Structure formats: C-alpha cells, structure tokens
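A quick write-up on the structure given underneath.
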Amino acid sequence: CRENVVLALDGVPNKGVPGIKDAGGVIAFNDFTNNVVKLKATPWGTPAGEWLEEDELEMGDWLVREHFLPSMPRTGLEEAVKMVAGRHRFHPVRTYLESLDGTWDGTKRLASWLLEVCSPEVPAGVDEVDNRLYLQRVGSWLIMAMCQRVLQPGCKFDYMVIFEGPQGAGKSTLARTLGGEWFADTGLVLGDK
C-alpha cells in the first residue's frame, strides 16, 4: 500500500540488513521552485536534482527489489512521493537570508546602489534632484520587496522595475547579480498569458 512506500521513502531503519540502502533525506519539496527535488543521490541510482519521471520508475523497481514490496500503480507511487516531499519542505533563498548573521559594517548602500550601478543620464525635462530621489526610492524598495516576498510569501508589492537600454548594457547582468544562483533568464513573450 501507499503507506508502506511512504515508510520506505522516509527512511525506515534497515535494522542492520546488509545491502539495503536507505532513502531517508532524499526526497523534498522546494518551495522556491515549487517542485519535488532529490537532495542527494538516490539509492536507486539517480543523481541529486529535480525529480524526474525516470526517478518514479526506478524507485518502483527499487521498492520491489530492495524492500520486497509488490509492484504498485504509478498513482500510488506519485502520492507517496508527494506525501514525503510535503513533509520535507524547504526554501533555499529563505534559508540563505535567515543564515546571515545580521552584522552590518555601517556603510549605507540601500539608497545608493541603483544610482551607482546604472549611472543613469537624467532624461530631458526631468529635474536631477527628482531623478536621484526616484532612483534611491526604487532601489531601496526593490531590495526590500525581494527580501520581504521571500520571508513573507504573499505579501503585497504591486510594482515592477523595468530596466531599459541597448543590448550589452548590463540589464541581465544586474538581475543575475541580484538573484545569484536563483536567477533565471526566462523566455517570456510579452503579451502572452
């Protein structure tokens, strides 16, 4: 039954049975990417990473061979994986932000980083002071909103920063630098739902 699969995937102790590999700590749910992942190599031989159809098939074979469970329909396997993943949720960006020790070096950067990075030309007809104030606010609000949306999912932030400039101006580089390893350069088509 599905519950036996859950037990096997959650890492039921092997009680010293030689050769049986444990699946505990393999399956989890990534709240940032919203998908099931493998945190480490599986006992059925697939590497850590995104959960694939191959994993489900290999896992079913492993359960039969290693745990002597009867073969079961894929829906039962899928449900067991969802249950185990749901019990082991994590959010890598939240974990990163919460791991920061909070020590500040005293240098104020939040209001000035966008001005320094973009070094924008003041548009014609716009007051230089107003332009500077606008960019200070946008830069501050963008960073605060990024952190707040991770730390308190669903919080309201109804604004979008748009970076304009010619090819090679560094727009994607800026986003990649801000997003770090969680940056994704999507192929969204404007006007497409």
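The values are calculated or read from the model by the stated rules, or taken from the named source; none is laboratory data. Computed from a predicted model, the values in this text were never measured in an experiment. All Cβ positions, glycine included, derive from the backbone under ideal geometry; neighbour counts span all protein chains shown. For the accessible areas, the whole protein counts, side chains as well, though only heavy atoms, and no ligand, DNA or RNA atoms are used. Shrake-Rupley method; radii C 1.70, N 1.55, O 1.52, S 1.80 Å.
Based on DSSP loop calls and a cut-off of at most 12 other Cβ atoms within 10 Å, the longest stretch of the chain free of exposed GluC sites (Glu not before Pro) is what?
The reported range is 1-120.
For the chain, list the DSSP H helices whose alpha carbon atoms reach 18 Å or more along the long axis and whose average Kyte-Doolittle value is -1.0 or above?
74-87, 128-151
Take the Cα atoms of segment 112-193, find their three principal axes, and give me the spread along each one in whole Å, biggest first.
Result for segment 112-193: principal-axis Cα extents of 37, 29, 26 Å.
Per DSSP helix of 4 or more residues, -39500 (n - 2.57); summed, then divided by the residues of the chain. What does that give at 222 nm, rounded to the nearest 500?
When only DSSP H runs of four or more count, the value is -13500 deg cm²/dmol.
Would you grab the residues whose amide H sits under 5 Å from the one on A28? Only those 5+ places off in sequence or on another chain, please, with H modelled 1.01 Å from N.
So A28 has HN proximity to V37, L39.
Please calculate how many Å² of accessible area the chain carries per residue, with a 1.4 Å probe and no DNA, RNA or ligand atoms counted. Present the calculation step by step, with values, prior to reporting the outcome.
Details: 13540 Å² over 193 residues.
Result: 70 Å² per residue.
List the trypsin sites (Lys or Arg not before Pro) within segment 46-151 that fall in a DSSP loop (any state other than H, G, I, E or B) and whose Cβ has at most 13 other Cβ atoms within 10 Å. The partial results should precede the final answer.
Working: sites: R65, R74, K82, R87, R89, R94, K108, R109, R132, R137, R149; in loops: K108, R109.
Sites meeting the loop and neighbour criteria: K108, R109.
With the radius of gyration and the Kirkwood radius both derived from the Cα set of the chain, what is their ratio Rg to Rh?
Values: Rg = 23.8 Å, Rh = 20.8 Å.
On the Cα set of the chain, Rg over Rh gives 1.15.
Picking from D127, D31, D55, which is most flexible by a Gaussian network model of the chain using Cα springs under 10 Å?
D127
Any idea what the alpha-carbon Rg over 2.2 N^0.38 Å comes to for segment 47-152? Mind showing how you got there, number by number?
On the way: Rg = 25.0 Å, N = 106, 2.2 N^0.38 = 12.9 Å.
Relative to the rule-of-thumb radius for its length, segment 47-152 sits at 1.93.
Probe 1.4 Å, all protein chains in place: accessible area of I162 in Å², nearest 10?
Accessible area of I162: about 130 Å².
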